[in-house]
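I have placed the structure first, in the form of structure tokens, so that the comments after it can refer back to it.
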Amino acid sequence: MNAPEPTFGRFQARAELGRAARGPSPRGSHARWAAGADRQDPIDLFVEQDESRVPELVPIRHGRMMISPFTYFRGAAVVMAMDLAGTPDSGITVQLCGDAHLSNFGLFASPERSLVFDINDFDETLPGPWEWDLKRLAASFEVAGRHRGYSPTKRRKIVLAVVRGYREQMRATAKAPVMTAWYDRSDADQTAVWLRHEHEAKRAKKRLLERTESVIAKARTRDSMRAFSKLVDTSSGELRIKADPPLVVPLADLSPIDLEGEETTETMEALLHSYQATLPQQNHPIQEFEFVDMARKVVGVGSVGTRAWIILLRGRDNDDPLLLQAKQAQASVLERYLPASQYENCGERVVSGQRLMQSASDIFLGWQRVKAIDGESRDFYLRQLHDWKGSADIESMRASGAMLYGRLCGETLARAHARTGDRVAISSYLGASERIDHAIARFAEKYADQNELDYEAFRRAVADGRLDAVVEH
């Protein structure tokens, strides 16, 4: 029997695999993008998606997408999945976020009660080429930079910072001890220290430092009790979710036509009971809470129209509330172009992907399937509604802040991919030079051009009556 290969030899083989992938997919090839003559009309994709959504909410989705090319981009994950399917990739698979744009990163509390920065949306998660997430992230900064009026030179520097952050973090992770690579994460306080160091090195302005520290401080105040005070009415002595139609509609205010079976008190109580089996521990605090009220809530941009519920629970008394969100999970948009999910339940797909990619996940994260009175089964995943939450405000972000934020997002995405794919092979493929940085930055420019064309076509579809839209004020 031959002696086992030394450990370092196995790692060397993984590095060789990454370098070999440059042959069929050169790093410079990632700059390519052009819409083919047979490209499916994006409007048809939206119409198809709308068929499974709550009809009266679909115009709100379209209205939010109409606001700007950036909000359109946020709602057009299915379109970019179609377009990415025709682009080069190295053949190295990771767990994809599936919708890795800049607004899907943010601050939240870990179970250990520390504030971490990580990806926070996994509705489209699925195994696939790591390049897809990185290209969507890079393109989102180019699109957002145009929306903010940054110059082409500044936009290019920002996108280069995104890809460089990804490449350098992947390289560091590939060289790190195994458990260091697995446990690595971005803590908010460490991020502030890093930014303060950048400020002392005169690479960041004092105002940027102050804004970042303000976001971190505010995130710690945005907990479940703050959400409770905004969403729950206690004036009658009973706990009830406040109505704010059509964005928040309590169960009692929904008409029988709106009810499809999953939206009943009895069904939701059953869902809460059975969902406990999907939680990460047996003796879970959810067992000490009782159901009080629920309401339908409109969330996000691309998610508008899918069923999302706020669930109000009570612990010891009315001063001990808990707010959960139950959000409908459908097949990932990536499943049109990649192998189907191994999970029968779409909620389980979301939860499993999130647990793999995040450095720390919500202890209330679980899933369940509900069968409606019309015979349709719908999958949901559940999580705490707010538990320390902070996010970047693109509408006020300066170019210097966008560059640092882009680097942080790139590093964070690399950590997630490193936990779920071959970090050694990916790092070897990326290399130490800036070749991949410039290639993906060029792709981002070309794709932002395409996004603008698609956005104008979207607006025409609304004007022509092909799509209904309601613009919120």
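Just to verify a result, which residue in the range 291-326, among those that are assigned to a loop (DSSP other than H, G, I, E, B) and of a type in the set (A, V, I, L, M, F, W, C), is farthest from Leu102 (Cα to Cα)?
Among residues in the range 291-326 that are assigned to a loop (DSSP other than H, G, I, E, B) and of a type in the set (A, V, I, L, M, F, W, C), the one farthest from Leu102 (Cα to Cα) is Val298.
Give the residues of the range 414-429 that are out of contact with any strand residue (DSSP E or B) (no Cβ under 7 Å at 6 or more places or on another chain), assigned to a helix (DSSP H, G or I) and not β-branched (Val, Ile, Thr), sorted by residue number.
Listed by number, the residues that qualify are Ala414, Arg415, Ala418, Arg419, Arg423, Ala425, Ser427, Ser428, Tyr429.
Which members of the range 327-354 meet the condition of being within 16 Å of the chain's Cα centre (by Cα) and either closer than 30 Å to Ser229 by Cβ or hydrophobic (A, V, I, L, M, F, W, C) (or both)?
Lys327, Gln328, Ala329, Ala331, Val333, Leu334, Cys346, Gly347, Val350, Val351, Gln354, listed by residue number.
Among the residues that make up the range 374-385, is at least one of them out of contact with any strand residue (DSSP E or B) (no Cβ under 7 Å at 6 or more places or on another chain), at pLDDT below 95 and assigned by TED's automatic domain parsing to the domain that holds Ala176?
No: zero hits.
Taking Ala85 and the conditions (1) surrounded by 15 or more Cβ atoms within 10 Å (Cβ to Cβ); (2) of a type in the set (A, V, I, L, M); (3) out of contact with any Phe, Trp or Tyr (no Cβ under 6 Å at 6 or more places or on another chain), which numbered condition does it fall short on, given that it satisfies the others?
The one condition Ala85 does not meet is (3).
Within the range 300-337, which residues are surrounded by 20 or more Cβ atoms within 10 Å (Cβ to Cβ) and over 30 Å from Asp253 (Cβ atoms)?
Scanning the range 300-337 gives Ser332, Val333, Leu334.
Has the range 273-290 got at least one residue that is in contact (Cβ under 8 Å) with a residue 12 or more places away in the chain, outside the structural domain of Glu411 (by TED's automatic domain parsing), under 22 Å from Ser103 (Cα atoms) and not aromatic (Phe, Trp, Tyr)?
no
Quick check on Arg423: is it under 28 Å from Thr173 (Cβ atoms), crowded, with 21+ Cβ neighbours inside 10 Å, assigned by TED's automatic domain parsing to the domain that holds Met66 and at pLDDT 95 or above?
Judged against the criteria, Arg423 is a match.
I'm trying to understand the selection: among the residues of the range 327-363, which are touching a Lys or Arg at 6+ places or on another chain (Cβ under 6 Å) and under 29 Å from Arg423 (Cα atoms)?
Ser341, Tyr343, Asn345, Ser359, Ser361, Asp362
Given (1) of a type in the set (Val, Ile, Thr); (2) out of contact with any Lys or Arg (no Cβ under 9 Å at 6 or more places or on another chain); (3) under 24 Å from Asp422 (Cα atoms), identify the lone condition not met by Thr153.
The failed condition is (3).
Residues of the range 42-65 being surrounded by fewer than 21 Cβ atoms within 10 Å (Cβ to Cβ) and in contact with a helix residue (DSSP H, G or I) (Cβ under 7 Å, 6 or more places away or on another chain), which ones?
Hits for the range 42-65 are Ile43, Leu45, Gln49, Asp50.
Filter the helices (runs of 4 or more DSSP H) completely within the range 23-111 down to those with at least 1 residues that are closer than 29 Å to Tyr166 by Cβ, hydrophobic (A, V, I, L, M, F, W, C) and touching a residue at least 60 places away in the same chain (Cβ under 8 Å).
The qualifying helices (runs of 4 or more DSSP H) are 58-65, 69-75, 77-84.
The values are calculated or read from the model by the stated rules, or taken from the named source; none is laboratory data. It should be emphasised that the depicted structure is a prediction, and the values quoted were computed from it without experimental measurement. All Cβ positions, even for glycine, are placed from backbone atoms using ideal geometry, and neighbour counts span all protein chains on display.
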